[in-house]
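Here's the structure, in structure tokens; my notes come after.
We did not get these values from a lab; they are worked out from the coordinates using the rules stated. Everything quoted here is computed from the prediction, not taken from an experiment. Quick reminder, even Gly has a Cβ in these numbers, built from the backbone with ideal geometry, and neighbours come from all protein chains shown.
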Amino acid sequence: MNLRTLIKKLTSALTVLLAVVLFAPSAYADGNVETGKKLFEENCTSCHFFGRDGQGPALKDVTTRRQEAWLKQWIKQADKMIDAGDPIGKQLKEKFGVVMTNFEWLTDAQIGDIIAYLKTNPTDGGAEPAPVVDGGKEVVTPDSGKAEATSSVKSLINFLIVLILIAVLIIMGAVFNVLGLISRYTGIPFSNPHKINAWLMIVFMVVGLGATFWEFKVHGKFALIDNAASEHGASVDSMLMTTLYITGFVFVVTQVALFVFAFLYRHKPGRKALFYPHNNMLEYVWTIIPAIALTVLVINGFTKWSSITKKAPDNAETVEVFAYQFGWNVRYAGADKKLGEFSFNLISGTNPLGLGVEDQYTKLKAEVDTNLRKNEDLFRRMHTIPDPTSEEKEEMAGLAQKIRLQKAHLSRLAALDGDKKMFNKTADDDLVLKEIVLVKNKPIHFVFRARDVIHSAYSPHFRMQMNCVPGMPTTFWFTPTKTTAEMRGILEDPKFDYYLYCAKICGAAHYNMKIKIRVVENDAEYQKWLAEQKPAFAPAVEAVPASTPAPADTDTAKTQVMAQVTK
Amino acid sequence: MAHSQTHTAHAGHHDAEHHHKETFISKYVFSMDHKMISKQFLVTGIIMGFIGMFMSVLFRLQLAWPDETFPFLETILGKWGKGGRIDAGFYMGLVTIHGTIMVFYVLTAGLSGTFSNLLIPLQVGARDMASPFMNMLSYWFFFMSSVVLVISVFIGTGPASGGWTIYPPLSANEIFMSGSGLGMTLWLVAIVLFIVSSLLGGINYIATVLNMRTKGMSMNRLPLTIWAFFLTAVLGLLSFPVLLSAGLLLIFDRSFGTSFYLSDIWANGLGALDNIGGSPILFQHLFWFLGHPEVYIILMPALGITSEVIATNARKPIFGYTAMIISLLGIAFLSFLVWGHHMFITGMNPFLGEVFMILTLIIAVPSAVKTFNYLATLWRGNIHFTPGMLFGIGLVSLFITGGLTGIWLGNATLDINLHDTYFVVAHFHLVMGSAAIFGMLAGIYHWFPRMYGRMMNNTLGYVHFWLTFAAAYMVFFPMHFMGMAGVPRRYAFFNLMPEFAQWQNVNEFITIAAILASVAQVIFLYNFVRSIFWGKKAEQNPWKSNTLEWTAPVKHIHGNWPGEVPTVYRWPYDYSRPDVEQDFIPQNVPDEGQLEPIEHTEAAPIHNANAPEASHENTESKVLFAVLRRWFSFR
């Protein structure tokens, strides 16, 4: 090798190195980090953390662990990749037991944004903003180290408290033991248990009632007993206060009576109890008084419940809330002001709510048909394997199940063919969104649906909760009375937002299934927001290449099978 | 009379008893003696209780310090505790198994099984249960069920994790969560075995109470414990089969492709399922048709035990014996009509919600009557603070606190915002969790001398009580406020929800209190085990109680009484009668000159301005028992 070529090679290497160093940060910029962060929070955080495994794997360094092309395909069609025998996909399914949702409704550009955000090495941290890439330099979130240190000190203190409590117990035990021994040898009883316990009763009562009032003062202020953000919420609150006063009164009176009686009538030498087996008058009194109090509460609750659950007013806007493992979708009516028909049979990657859109239907039918044929073919060939291993047997059982389901699905889809009511075009312009926006003082009529298991739509500030049941749409209507901005002012919390939580246990990531609700001041603001939203089935979305599994992977799977067959 | 024939037959059997040899196996393992079976239930129940409690400490650690890692978790949980944190799915598993163990294995079998078995024959004056063999089967089904449930925690896909209420579709297919696979199958198997055990026991309890009472033991002389156990068994007999059917239909849906509970489901990874036409709400109706009576199956024995313990230790007749029975009957009857209050917001017809709201609030009336009667029993009593009595008083306090919040949750309007929040957790842990555990502990302290012939250490008992009592309130009282602030239950992590950050220190406080409560239970365990072997020898009747079990010899013998079964001459609550020097008169003591066991004790006139009538007998009770006698063809 002469000097010339060496220099040539060195320079080219240097150029590459320089290019990497200089342009690598700009490689991040092929997606919009801010949009990516928003999309990530809307779609991914219910299952993924960065620093640790959740329902799915930890995403720290995921962009270096996996190739970008792989990630892009995986986000779109994880199940198809597993079906096609992707080794990493199989491992993941093995490890986590569940398959990642197909995010087929995300465009390639949006997925690019998400990946760009992932490349910034964000960290978990709830409210704290993830570190943002600033001109190619990473800004480290301040105080993260300090926060860690203080929290570990705090936990150390907590454990010390536990240790001290245990030590106190042991010492108490020892002291009692010594006192017991002394009294055994001297014959003098060291204590009178009746007296000690009677006094402890009084101490417990005083401390207990004190703590109760302290809690009302300290934690009572977080309780949602006023400032309801909805019209009916105010009546729920007044019901709650009535109940609180009645039960609170009974609570104090009966508890005081209990502990005071226990103290006053403790055993003393020479005391004889009063033989007093019954008094019918008293029994009547304390049957009838609670009965009256409860009647008051029942009538009160009855009227309120009927007014809350009565039919929604005509001017209420109907919005569909769709729950799935683990997130929410919201559907607003499009220009025609009507929500279109739906069926769970029509759910697909590009049509997550199963809306009655005809070309979506045609596409889905073709897709199911192709998959069915492919699976049948694979099954037939696997069937000829002479000595299937237990793993292969399991795979065949899985295939058989899929074939059965797909056949049934296909026949149900066929029944929908030419269904005028289902495909009446009302669904074509519906908006499928990730944010709920309501208008102050305008009644809202929610229709809840669920895709897979029972969820529960719970929004405490509106005093709203209703289960979302697969196969049984449920409803709840109310009138919001405070905008998000007003509520922030009332609660003196500039970060406050209304949320819709899932309150019914729905799987491992149940704890992280929420969606923001925004209440705006007037209809104009709402219409402006609505106009900005794109319909779910706008041409832009449909331009995304149809969801066909990567042929290369399928081929490898096939060749593998064939290899086994020939073996 | 059929009764006296049984009586003689048993006496004959008793004479023959010394001839057959008892081996270790027949005495301690496959025993048919109700006293041994009750000990088996108690020990199994305590072990299950400690498992359940340990699980609660594990998930409380997670809730208190979500950002911390606890390396020991990885040591004990393996892949479920990777990196020292509990896996979110396994958190659900822990919550589910904790609930199942506590509700069914500790508070149903551990409580009813122990005390119904011990006390029914001894307090009604029977030689054993109606069918000792079925009684033995009942325990062994329970044992198998416990083993299956505990095994399910150790399988690779994790235990059932859909909550102890196992609502489908979540529990119907493993595609929704890994615990709904084999773990759920084992859960269902365990519960089916459990129901078999419960029914075998229940039939026995009912038969024994109705047919095997000794001479003179009419229904209106039964101790309130027996009334409570009897009605509990009736509730179990009527409601557990419904859970069995719910479970069977779920098994069909899971394994045989039926669609009782499933419809219109699209599962991630499988696509549209072919189950059409079922309803997940149907399962909830069936489940809560057991589920609500189950609450009273748990609570009523605890209330019965407390009635007995409080009357004995206050040295006073229980106030309003008849009213107590009427309210037990009322609770038992109404408990079948209120299940819908668990389902106000499932989307069921709002009109149904109204009906269930009214019925639910009605059930508060008999509960209130019971509370006031306990208070009236303590009033002007002569209270002996034994550990059993302390736990009895603790039960009343917890029953009040937890019961009152039931009025909130039974109101559909308030349930909208409180449903599935920590308020519910606080409510049921106080009223049926802690209160029933206190009833069980009261029973253990009170009847320990009867079971093991030795006394438990009182000082340790006091320490145990005060720590547990304080800790129970410290754990559950703050949860009311979390619930009112809208914090949903069954969330594995709160650190991702900045809006709930203000509860961080409360969660830490609760966890420390929970650890304290667990430490207190270790003290109890130490006391229990130590006292079995080295406790002070018990006297014949250490609490100077009236009921029949204290007339049987301290040393357990087969058939309970060496000679004749004692005859009963009076009700069980003749404490501190003004006409008698001694402050108690056991049930088997006749009044002066009384030769026959007469129906009603009205022999001795009592001159007391405060007691309007001479004994507990009055018009109401006469009418009540006349009706009951008709129904059950009592003697």
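Net charge dipole, the protein assembly as shown: roughly 2020 debye, given to the nearest 20, about the Cα centre with Cβ charges of +1 for Lys and Arg and -1 for Asp and Glu. Using a cut-off of 32 Å between Cα atoms, the listed pairs A:LYS311/A:LYS528; A:LYS304/A:LYS516; A:LYS311/A:LYS495; A:LYS76/A:LYS440; A:LYS221/A:LYS514; A:LYS311/A:LYS516 include A:LYS311/A:LYS495; A:LYS76/A:LYS440 as exceeding that distance. Across region B:100-231, Cα pairs under 8 Å and at least six residues apart give a relative contact order of 36 percent.
In which sequence would B:TRP140, A:TRP305 go, from the one with the fewest C-beta neighbours within 10 Å to the one with the most?
B:TRP140, A:TRP305
Each other residue within a Cβ distance under 15 Å of A:ILE202 adds +1 if Lys or Arg and -1 if Asp or Glu, for a net charge of +2. Cross-link reach is defined here as a Cα-Cα straight distance under 28 Å, omitting same-chain residues fewer than 8 places apart; for A:LYS195 the lysines meeting it are A:LYS268, A:LYS272, B:LYS316, B:LYS370, B:LYS536, B:LYS537, B:LYS544.
Shape analysis of region A:172-329 based on the Cα gyration tensor places the equivalent ellipsoid semi-axes at 51, 26, 13 Å, largest first. With a cut-off of 12 Å between beta carbons, the residues surrounding A:ILE490 carry a summed charge of -2, where Lys and Arg count +1 and Asp and Glu -1.
With Cα atoms defining each centre, region A:239-263 and region A:60-94 are spaced 60 Å apart in the structure. For the protein assembly as shown, the Cα-based Rg and Dmax, in that order, read 33.6, 133 Å. Can you bin region A:40-111 into rounded, prolate or oblate? Criterion: square roots of the alpha carbon gyration tensor eigenvalues sorted a ≥ b ≥ c, rounded for a/c under 1.5, prolate for a/b above b/c, oblate for the rest. Rounded, since a/c falls under 1.5. Residues A:VAL253, B:VAL242, ranked from the fewest to the most other C-beta atoms within 10 Å, line up as A:VAL253, B:VAL242. The P(r) of region A:386-520 has a tail past 18 Å containing 71 percent of all C-alpha pairs. Overall, the anisotropy analysis places region B:228-305 in the prolate class: the square-rooted eigenvalues a ≥ b ≥ c of its C-alpha gyration tensor yield a/c not less than 1.5, with a/b exceeding b/c. Taking Cα centre as origin and charging only the Cβ of basic (Lys, Arg, +1) and acidic (Asp, Glu, -1) residues, the dipole magnitude of chain B rounds to 940 debye. Between the C-alpha center of region B:356-427 and that of region A:312-327 there is a gap of 38 Å.
Within a straight-line Cα-Cα reach of under 17 Å, A:LYS534 can be paired with the following lysines, leaving aside sequence neighbours fewer than 8 residues apart in one chain: A:LYS38, A:LYS337, A:LYS338, A:LYS425, A:LYS434. Spatial offset of region B:491-537 relative to region B:85-137 amounts to 22 Å, using the alpha carbon center of each. With an a/c value of 1.5 or above and a/b larger than b/c for the gyration tensor axes a ≥ b ≥ c computed over the alpha-carbon atoms, region B:77-218 is described as prolate.
Positive contributions from Lys and Arg (+1) and negative ones from Asp and Glu (-1), summed over other residues with Cβ under 12 Å from the Cβ of B:ARG454, come out at +4. Each residue of region A:242-292 gets 70 Å³ once the volume of the Cα convex hull is shared out per residue. By the count of neighbouring beta-carbon atoms within 10 Å, fewest first, A:SER235, A:SER411 end up ordered A:SER411, A:SER235. Pairwise inverse Cα distances across chain B, averaged and inverted, put the Kirkwood hydrodynamic radius at 25.6 Å.
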